[in-house]
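Step one of this worksheet: look at the structure below.
The values are calculated or read from the model by the stated rules, or taken from the named source; none is laboratory data. Owing to the predicted nature of the structure, the values given are computational and were not obtained by experimental measurement. Glycine also receives a Cβ, built like all others from the backbone with ideal geometry; neighbour counts cover every protein chain displayed.
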Amino acid sequence: MKASDLMVKALEAEGVEYIFGIPGEENLDLLESLRDSSIKLILTRHEQGAGFMAATYGRLTGKVGVCLSTLGPGATNLVTPAAYAQLGAMPILMITGQKPIKTSKQGRFQVIDVVDMMRPLTKYTTQVVSGDRIPSVVREAFRLASEERPGATHIELPEDIAAEETKAPLLSPSAVRRPIAEYKAINAAVDMIEKAKSPVLLIGAGANRKLTAKMLGQFVEKTGIPFITTQMGKGVIDESHQKFMGNTALSSGDFVHRAIKRADLIINVGHDVVEKPPFFMEVGGQQVMHINFETAAVDPVYFPQLEVVGDIANSIWQIKEAVQPQDHWKLDFYDDVHQAYFEHRCAAEKDDRFPILPERLVKEVRDAMPKDGIVTLDNGIYKIWFARNYPAYYPNTLLLDNALATMGAGLPSAMAAKLVHPDKPVITVCGDGGFMMNSQEVETAVRLNLHIIIIILRDDAYGMIKWKQSNMGFNNYGLDYNNPDFVKYVESYGGMGHRIKAANELSPLIKQCLKEKTVHLIDVPVDYSLNDETLNKKIRELSAKL
């Protein structure tokens, strides 16, 4: 068969449902092979949007998301999604085209070394030099993309290789079982937990996988040990739980940091070095237990005394089965932290000022969404408020990026979430700056008949950088801009546009939009002027009283 046909069959054998992307001249054989395939091509308006969609598909399903581009400028547009998936531990395969490699009639036109470009951003990158190599190359790309720690892989398929004939057989995916922690490590972990006086459970990005949530929930129920999450660990355990103390959204000084500082043992599950450190270790200070798929990367502020290395869910299960709650544990302080955090959050949510304050915005979105609804975030200062104030009741129901923290990913992530979960409500919250970086994908969403709600937080500036500019003593310069009429903008694509004029209009409007199945955009003027007071001053003052 033709090599491009074999490529598609290899992708089908891996269970690929969608390929997101923009084909070019060098992909035409592959495009023709896809035409009669079970795989659905999702044509996007920019390669970056395709990459973000593929990465989010991988994040939500655990399977490898696939995206496609042509050579040269198409491939370079996948650099940011590659970094997004690699840092965020999202399994993705990028397929790019290339000019013929056996003969060339156009010199170096549009030709760059894409494989070399992708090398520092991926777990695996290669050029297919023979159709016979396709089965093994595809199998290896999928294996590496999905195994712990998940990430990005890349295959370059040159035009002439795609067109050649091959008789190579497909390779079936192999059955893999992750290694589990040895019993000595489990026994040491149980002993360390039982001897501690004030243990705390910290849930990181690596714990946000299948089965891990169930085991961690059982661990908390049996032991009564309170838990905290990082931004990308949100929702692993239901955050309405009485033992939830909050999220490490701020750098320091929040209620959760008081709890972490008081602990004599931090049970650190799924720690991912790409996230901002939720605590700093000191020699002679509190003990830290590292439970993860892989060993700890030691640096001056992270050097755990015990490492339990293996499948996280299994490790937690083994520890949970053996550990016994102890009478000498002192956990009452953590109940005070939970109560103080909850009371402060509720007080801030009642503010009626308009333009809307971020705390009120988060409350209105949470009230309007069902427990299993999915909210995706772009990148901006509102991300801190959602991470901190938005209770997540299930894993992967608040999708934010605390790894690359790139702008422009919010809308494509929502689109992928809706494809994966067509039965669940999906909202994306974007700053006006981040939205405009991939706003053209509104057309893709309308074309695919996706029922999503886009909430634009409009302050007519790169608000987060402007806030930091002010805090660092710089003059107000270079960060203000003009916006289009967002209501007319979305309507020009065939969606529906809305604008609120009071804070209490938002929740009813969201509920209305959830009933009307189309792409909705809500223009929400936002006021970040009190961020310094509410983030830096008030929280520190209140938490210091604990």
statement: From the option list Ala416, Ala392, Ala387, single residue qualifying as within 28 Å of Arg540 (Cβ to Cβ), of a type in the set (A, V, I, L, M, F, W, C) and assigned to a helix (DSSP H, G or I) is Ala387
query: Among Val115, Val138, which is in contact with a strand residue (DSSP E or B) (Cβ under 9 Å, 6 or more places away or on another chain) and either buried (at least 20 other Cβ atoms within 10 Å of the Cβ) or not in a helix (DSSP H, G or I) (or both)?
result: Val138
statement: The condition of being more than 24 Å from the chain's Cα centre (by Cα) and not assigned by TED's automatic domain parsing to the domain that holds Pro422 holds, among Ser507, Ser529, Ser543, Ser470, only for Ser543
field: Residue pairs meeting the criteria (Cβ under 8 Å; at least 6 apart or on separate chains; first farther than 14 Å from Ala85 by Cα and small (Gly, Ala, Ser), in segment 112-130; second at pLDDT 95 or above and buried (at least 17 other Cβ atoms within 10 Å of the Cβ))
entry: Ser130/Ile161; Ser130/Thr166
Checking Trp467 against (1) of a type in the set (A, V, I, L, M, F, W, C); (2) modelled with pLDDT of 95 or more; (3) crowded, with 19+ Cβ neighbours inside 10 Å; (4) assigned to a helix (DSSP H, G or I), the condition it does not meet: (2)
query: Which of the residues belonging to segment 492-504 are part of a helix (DSSP H, G or I) and in contact with an Asp or Glu (Cβ under 9 Å, 6 or more places away or on another chain)?
result: Ala503, Asn504
field: Identity of the residue in segment 414-447, among the acidic types (Asp, Glu) and buried (at least 21 other Cβ atoms within 10 Å of the Cβ), that ends up farthest from Tyr57 (Cα to Cα)
entry: Asp432
message: Conditions first: (1) of a type in the set (Gly, Ala, Ser); (2) assigned by TED's automatic domain parsing to the domain that holds Phe52; (3) touching a Pro at 6+ places or on another chain (Cβ under 9 Å). Ala168 passes all but one, so which condition is the exception?
response: (2)
- prompt: Would segment 86-96 turn up any residue that is without any contact (Cβ under 8 Å) to a residue 60 or more places away in the chain and not acidic (Asp, Glu)?
  reply: no
query: Going by the conditions given, is Asn483 in contact (Cβ under 8 Å) with a residue 12 or more places away in the chain and more than 15 Å from Arg458 (Cα to Cα)?
result: no
task: Take segment 349-367 and flag every residue that is at pLDDT 90 or above and within 22 Å of the chain's Cα centre (by Cα).
output: Leu361, Val362, Lys363, Val365, Arg366
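Here's the yes/no breakdown for (1) free of Cβ contacts under 8 Å to residues at least 12 places away in the same chain; (2) of a type outside the set (A, V, I, L, M, F, W, C); (3) in a loop (DSSP other than H, G, I, E, B); (4) surrounded by fewer than 18 Cβ atoms within 10 Å (Cβ to Cβ):
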| residue | (1), (2), (3), (4) |
| --- | --- |
| Lys214 | no, yes, no, yes |
| His241 | no, yes, yes, yes |
| Leu250 | no, no, yes, no |
| Arg258 | no, yes, no, no |
| Asn268 | no, yes, no, no |
| His271 | no, yes, yes, no |
| Gly285 | yes, yes, yes, yes |
message: Regarding segment 446-461, can at least one residue be identified that is within 18 Å of Lys371 (Cα to Cα) and in contact with a strand residue (DSSP E or B) (Cβ under 6 Å, 6 or more places away or on another chain)?
response: yes
field: Matching residues in segment 303-357 - criterion: being in a loop (DSSP other than H, G, I, E, B) and either under 23 Å from Asn247 (Cα atoms) or among the aromatic types (Phe, Trp, Tyr) (or both)
entry: Phe303, Pro304, Trp329, Lys330, Leu331, Glu349, Lys350, Asp351, Phe354, Leu357
- prompt: Hey, any hits in segment 74-83 for a residue that's under 22 Å from Tyr18 (Cα atoms), in a helix (DSSP H, G or I) and among the polar types (S, T, N, Q)?
  reply: yes
- prompt: Can you tell which of Tyr528, Tyr489 is among the hydroxyl-bearing types (Ser, Thr, Tyr) and at pLDDT 95 or above?
  reply: Tyr489
message: Please verify whether Met464 is more than 22 Å from His421 (Cα to Cα) and within 25 Å of the chain's Cα centre (by Cα), treating the condition exactly as stated.
response: yes
- prompt: So which residues in segment 271-292 are within 18 Å of Phe219 (Cβ to Cβ) and modelled with pLDDT under 95?
  reply: His271
field: Of residues in segment 11-38 being among the hydrophobic types (A, V, I, L, M, F, W, C) and touching a Leu at 6+ places or on another chain (Cβ under 6 Å), the one surrounded by the most Cβ atoms within 10 Å (Cβ to Cβ)
entry: Ile19
query: Being modelled with pLDDT of 95 or more, assigned to a helix (DSSP H, G or I) and either under 18 Å from Ala403 (Cα atoms) or in contact with a Ser or Thr (Cβ under 7 Å, 6 or more places away or on another chain) (or both), is that true of even one residue in segment 89-96?
result: no
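Matching residues to (1) more than 22 Å from Pro135 (Cβ to Cβ); (2) assigned by TED's automatic domain parsing to the domain that holds Leu411; (3) of a type outside the set (Gly, Ala, Ser); (4) outside any strand (DSSP E or B):
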| residue | (1), (2), (3), (4) |
| --- | --- |
| Met7 | no, no, yes, yes |
| Glu12 | no, no, yes, yes |
| Val16 | no, no, yes, yes |
| Leu60 | yes, no, yes, yes |
| Lys63 | no, no, yes, yes |
| Cys67 | no, no, yes, no |
message: Quick test for you: out of Leu457, Leu404, Leu411, Leu450, pick the one residue that is touching a Gly at 6+ places or on another chain (Cβ under 9 Å), part of a loop (DSSP other than H, G, I, E, B) and either in the same structural domain as Lys488 (by TED's automatic domain parsing) or crowded, with 20+ Cβ neighbours inside 10 Å (or both).
response: Leu404
- request: For His328, indicate whether it is under 23 Å from Phe227 (Cβ atoms), surrounded by fewer than 21 Cβ atoms within 10 Å (Cβ to Cβ) and either basic (Lys, Arg) or more than 27 Å from the chain's Cα centre (by Cα) (or both).
  value: yes
- prompt: Based on what the data block shows, is Thr518 farther than 30 Å from Val256 by Cβ, assigned to a loop (DSSP other than H, G, I, E, B) and β-branched (Val, Ile, Thr)?
  reply: yes
